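Student: Shown below is the structure under consideration.
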Amino acid sequence: MDPFELLKKDHKTVSKLFERIEAASGKAKLPVFRKIKSELDLHMHIEEAIFYPALEKARETRDLTLEAFEEHRVVKELLSELYAATAVSDEWEAKLTVLKENVEHHVDEEEHELFDKANDVLTGEEAERLGDRMNAEKVRRGGVAAAPENEKPGLIETIANALGLGSSKPNAKKAARKSASVTAKSSGPKSTKSTKASASKKRTAADKSKSVSRTKADSASSGKGAAKKSGKRPAPRKKAAAKKTAAKKAKRGR
């Protein structure tokens, strides 16, 4: 899984929650804030436990990674102070604004600086393994697994993930295998019949060709026999007999 896309999805989720909390008023802001805190806590955890350590030692990403750790510390302090409040006040909303600004700055720096340099530091395989580990840790901590790239989860799958019932994809895979099996069975016999019919037609054509050849051969043979019976070949015997008769006549004349 692409670790950068996974983190960007988290950023978008938090951004939408900040839009919701700004549209809310009074105590209605508190449940939205708790959701913001939950998302940020999990997001910062997978970054600090898995993502940042993979970049901290590289020269290209070390400074940005250390700065990101410090920005997380400030965000955590603001979250703690806001969470401790039991009512929404002007001071509370002022701190919420500071929190939003800090998060937006952190996100902008990550997406436009750290991610670009991290992409140069990590190989494709390293990034893929990193993303898989982050996604697995997110699920282990109670988060919803990120969908693979170019694939959006369906309604049933989303509900199943939210309830902790797992993905409905295995059933889809079974259905696909069954469909493939049925297709193979239905197409197999037809293909065999078609092949047999084609072979039968070829044999019939070959038999006809042989029959015609035999007919021509028989016709030629019978033609030769007829020629023998007609007496055309004995012509040389008639000439010999004529010669004998002429010889006899010559002797008599003498």
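Student: Efficiency by 1/(1 + (r/R0)^6): what FRET value for E113 and S89, r their Cβ-Cβ distance, R0 = 41 Å, to the nearest 0.05? Mind dumping the intermediate values first?
Tutor: Working: r = 36 Å, r/R0 = 0.87.
My answer for the efficiency is 0.70.
Student: Please work out whether segment 1-123 counts as rounded, prolate or oblate from its C-alpha gyration tensor, where a ≥ b ≥ c are the square roots of the eigenvalues and a/c under 1.5 means rounded, while otherwise a/b larger than b/c means prolate and anything else oblate?
Tutor: Working: a/c = 2.60, a/b = 2.12, b/c = 1.23.
Prolate.
Student: Provide the gained length on full extension for the span A28 to R59, in nm with one decimal, where the gain is 0.36 nm per separating residue minus the Cα-Cα distance.
Tutor: Values: separation 31, 0.36 × 31 = 11.16 nm, distance 4.56 nm.
Full-extension gain reported as 6.6 nm.
Student: Among S15, P3, H43, which residue has its Cα positioned farthest towards the positive end of the charge dipole of segment 1-67, with +1 placed on the Cβ of Lys and Arg, -1 on the Cβ of Asp and Glu, and the dipole taken about the Cα centre?
Tutor: Working it through, the farthest residue towards the positive pole turns out to be S15.
Student: At a Förster radius of 45 Å, what calculated FRET efficiency corresponds to the Cβ-Cβ distance of V98 and T123, to the nearest 0.05? Don't skip to the answer; put the middle values down first.
Tutor: Working: r = 38 Å, r/R0 = 0.85.
E(calc), rounded to 0.05, equals 0.70.
Student: Take the solvent-accessible surface of the protein heavy atoms, probe 1.4 Å, and return the percent of it on segment 1-145 that carbon and sulfur atoms account for.
Tutor: Values: 3840 of 8060 Å².
Whole-percent figure for carbon plus sulfur exposure: 48.
Student: Calculate one ³J(HN,Hα) per residue across segment 84-101 by plugging θ = phi - 60° into the Karplus curve 6.51 cos²θ - 1.76 cosθ + 1.60, and present them in order as whole Hz with x for glycine and proline.
Tutor: Residue by residue, segment 84-101 yields 6, 6, 9, 9, 8, 10, 4, 5, 4, 5, 5, 5, 4, 5, 5, 4, 4, 5 Hz.
Student: Take the cross-link list K16/K57; K16/K76; K95/K117; K9/K138 and give me the ones stretching past 22 Å between alpha-carbons. If you can, show how the numbers build up before the last one.
Tutor: On the way: K16/K57 33 Å; K16/K76 19 Å; K95/K117 32 Å; K9/K138 13 Å.
In this structure, K16/K57; K95/K117 lie more than 22 Å apart at Cα.
The values are calculated or read from the model by the stated rules, or taken from the named source; none is laboratory data. Remember, it's a predicted structure, so these values are computed and weren't measured experimentally. Please note: Cβ atoms are built from the backbone with ideal geometry, for glycine as well, and neighbour counts cover all protein chains shown. With ligands, DNA and RNA removed, areas are computed over all heavy atoms of the protein, side chains included. Shrake-Rupley method; radii C 1.70, N 1.55, O 1.52, S 1.80 Å.
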